[in-house]
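A.B. asks: Take a look at this one; I'll ask things after.
Just so it is clear, none of the values below were taken in a lab; they were calculated from the coordinates. As the structure is a prediction and not an experimental result, all values here were calculated from the model. Using ideal geometry, Cβ is built from the backbone for each residue, glycine included, and neighbour counts are taken over all protein chains shown.
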């Protein structure tokens, strides 16, 4: 009788142990899957290059300002090639004139453009805005804007809807301003909403250090 009891007890322990091991294995696989997904996600403020897509998908965007000056962005394999721009660091800032944080960011962008004019090109792209070109010109003068503003909203929005999923953001409901920093054609970091000038300046200096390290 005792032997039978011990046999049954042993079998139960084996069954319980195997269930526990199976659960642990499933939990481990789930954690690995989560970590893989997490590694593909770009954080709110990160210095990681965007993951390179397996297929060489090409995009082309044209940014144009009120003086009819333009720059073309050619994108292939997550390399962002801005034509007519000689500076190694490019910041694209998505903004609207009705957005208070966007307006608050403008003087800081003008300041950064002046400080780093040899190495930085700031390109602001107007989105979701109904100002006429004449009104936009008055706005720029009032805000003392000293950098490139693209008023070609159709192209600007196409760019926004391409880049936002890469940043882990929705296509049509992304935060403004949204600023993306590129170094030598590669994603460097981005900012959601208004950011202190000192923080952006620190990142620009880090990018320049990285640039000098490669030269």
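A.B. asks: Length gain on complete extension for the stretch residue 154 to residue 114, per 0.36 nm per residue less the alpha carbon to alpha carbon distance? Kindly include the intermediate steps, with their values, before the conclusion.
C.D. replies: Values: separation 40, 0.36 × 40 = 14.40 nm, distance 2.85 nm.
Value of the extension gain: 11.6 nm.
A.B. asks: Based on other C-beta atoms within 10 Å, arrange 191, 59, 128 from fewest to most. Don't skip to the answer; put the middle values down first.
C.D. replies: Numbers: 191 21, 59 13, 128 16.
By the 10 Å Cβ count, ascending, the order reads 59, 128, 191.
A.B. asks: Just want the ordering: 108, 190, from fewest to most Cβ atoms lying within 10 Å of their own Cβ. The partial results should precede the final answer.
C.D. replies: Numbers: 108 17, 190 26.
Going from least to most buried by this count: 108, 190.
A.B. asks: Could you tell me the extents of the stretch 142-192's C-alpha atoms along the three principal axes, largest first, rounded to whole Å?
C.D. replies: That works out to 34, 26, 18 Å along the principal axes.
A.B. asks: What is the Cα centroid distance between the stretch 164-215 and the stretch 57-113, reported in whole angstrom?
C.D. replies: Cα centres, the stretch 164-215 to the stretch 57-113: 12 Å.
A.B. asks: Which FRET efficiency, nearest 0.05, do residue 77 and residue 133 yield, Cβ-Cβ r, R0 41 Å? Don't skip to the end; give the middle numbers.
C.D. replies: Working: r = 35 Å, r/R0 = 0.86.
That pair, residue 77 with residue 133, gives E of 0.70.
A.B. asks: In terms of the Cα gyration tensor, with a ≥ b ≥ c the square roots of its eigenvalues, is the stretch 58-214 rounded because a/c is under 1.5, prolate because a/b exceeds b/c, or oblate?
C.D. replies: Values: a/c = 1.39, a/b = 1.20, b/c = 1.17.
It is rounded, given that a/c, with a ≥ b ≥ c, falls under 1.5.
A.B. asks: OK, next. How do 189, 97, 83 rank when sorted from fewest to most other Cβ atoms within 10 Å of their own Cβ? Please list the in-between numbers first.
C.D. replies: On the way: 189 23, 97 18, 83 10.
Exposure proxy ranking, most exposed first: 83, 97, 189.
A.B. asks: Right, another one. Tell me the label-point distance for the pair residue 141, residue 199, using the 7 Å Cα-to-Cβ offset, in nm and rounded to one decimal.
C.D. replies: Spacing of the two 7 Å Cα→Cβ label points: 3.4 nm.
A.B. asks: Say each of residue 87 and residue 171 gets a label point 7 Å from the Cα, pointing the same way as Cα to Cβ; how far apart are those two points in nm?
C.D. replies: The modelled label-to-label distance comes out at 3.1 nm.
A.B. asks: Here's something else I'd like to know. So what is the relative contact order of the stretch 58-214, in percent, for Cα pairs below 8 Å that sit 6 or more residues apart?
C.D. replies: Values: 255 pairs, mean separation 43.5, N = 157.
For the stretch 58-214, the relative contact order is 28 percent.
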